[in-house]
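Reviewing the structure listed below.
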Amino acid sequence: MRLHVDAALEALVEDEIEQGAGQVAELCASMLLAGGKRLRPLLIMLAHEIAGGQDVEEVMPLALAFEMIHTATLVHDDINDEAGLRRGVETIHTRAGLAKAVIAGDWLFVQGFGLGGRYEEHIVRLMAKCCADIAVAEFHQLDHVLNLATSPEDYLAIVRGKTAGPFAAGCHAAGLVAGLTAEQAAGLGRFGMELGIAFQLVDDLLDLRGDERMGKPRGADVLEGKMTLPLIHALTLSHGKERQRLATLIESFNDEHFDELMHLLDRSDSLSYAEILVKTHLERAVLELDAFPESQAKSLMLHITGYVMKRHT
């Protein structure tokens, strides 16, 4: 399936270059084709299959649409985060400048919507709301940079909009494409939401523990002032001088403070707390699949939930 997605993305970009898209398509191709897990398109294709879909070409434009929209958000995120690398390659703004990177991200969004626009109106509306929610969550996240009063509810609202929402919308839409009822398709949407929340929690853990597969240094989120759940949890449980020191570390973090930060997070069991939540959300995701009969697609979706769990261990 992943090779099928990669081939379809390559063909799409080649066609755009032939049509005269030039440098913008080439820059976007460097990001699109640099690797990545392809988790979103794979889940969309599997959700379509578990829902009874027979023809993969029926859902492929939707899968590609979500992958291109996801890549668009990465291009814009890299600008905001001043990131130098993504998926092991130089970010677009580093190579081509901020103005061209903004336009490249816009081009990817347009391409994604062009693909998604082939479907019925209720599916297009689902995609549009997903993208609008990403923007709302991005604003919310920016407003909470280095905000030590950020609550778990604030965090979850950001994750639901920015990370988990596209998982949910993609699976939900795939079910509708396959012909499920609104209620049945919504169950696939809930699966995607729970999986997406767990996925982001694991990213929080990997950022603190370090993982070369992420293509960024450990503690990058802390350096950028992002209030991830382990930090929020530790601030909530810490008191007195310990909380004051934790706040100081977060507000003026650099790599030499890393061991001290991890010590304070361990004192409040904040990493363990995040691990428990990962397991809880994945269990909820698995329960949503109980409504569907056994199949290869279902087995693969269950395998993906296991993969998400194992990423941080």
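Any read-out appearing in this document is the output of simple, stated calculations on the displayed coordinates, not a laboratory observation. The structure presented is a predicted model; accordingly, all values stated were derived computationally and were not measured. Cβ: placed from backbone, ideal geometry, glycine included. Neighbour counts: every protein chain shown.
Would you compute, from DSSP H runs of 4+ residues alone, the mean residue ellipticity of the chain at 222 nm, taking -39500 (n - 2.57) per run and dividing by the full residue count, rounded to the nearest 500?
Helix-only estimate at 222 nm: -24000 deg cm²/dmol.
For helix 121-143, report the angle its Cα long axis makes with the longest principal axis of the Cα atoms of the chain; keep it between 0 and 90° and round to the nearest 10°.
20 degrees
How far apart, in nm, are the 7 Å Cα→Cβ label points at Asn147 and Glu57?
If labels sit at Asn147 and Glu57, their model points lie 4.8 nm apart.
Quick one: helix 165-177 against the long Cα principal axis of the chain, what's the angle to the nearest 10°, folded into 0 to 90?
With rounding to tens, the tilt is 20 degrees.
Go through Lys100/Lys310; Lys100/Lys279; Lys162/Lys279; Lys241/Lys310; Lys129/Lys310; Lys129/Lys298 and tell me which ones have a Cα-Cα distance over 29 Å in this structure.
On the way: Lys100/Lys310 37 Å; Lys100/Lys279 41 Å; Lys162/Lys279 20 Å; Lys241/Lys310 35 Å; Lys129/Lys310 31 Å; Lys129/Lys298 27 Å.
Over 29 Å Cα-Cα: Lys100/Lys310; Lys100/Lys279; Lys241/Lys310; Lys129/Lys310.
What is the distance in Å between the Cα centres of the range 83-158 and the range 276-294?
27 Å
Got the relative contact order for the range 121-313 handy, in percent, Cα pairs under 8 Å and 6 or more residues apart? Mind dumping the intermediate values first?
Details: 227 pairs, mean separation 45.1, N = 193.
This gives 23 percent for the range 121-313.
Mind checking the angle between helix 258-267 and the chain's longest principal axis? C-alpha axes, 0 to 90 degrees, to the nearest 10.
Once rounded, the angle reads 90 degrees.
Would the range 1-118 count as rounded, prolate or oblate if I go by the C-alpha gyration tensor, calling it rounded below 1.5 in a/c and otherwise prolate when a/b exceeds b/c, oblate otherwise?
Taking the square roots of the gyration eigenvalues as a ≥ b ≥ c, the range 1-118 is prolate.
Specify, per residue and in Å³, the volume enclosed by the convex hull of the alpha carbon atoms belonging to the range 173-286.
Expressed per residue, the convex hull around the Cα atoms of the range 173-286 is 120 Å³.
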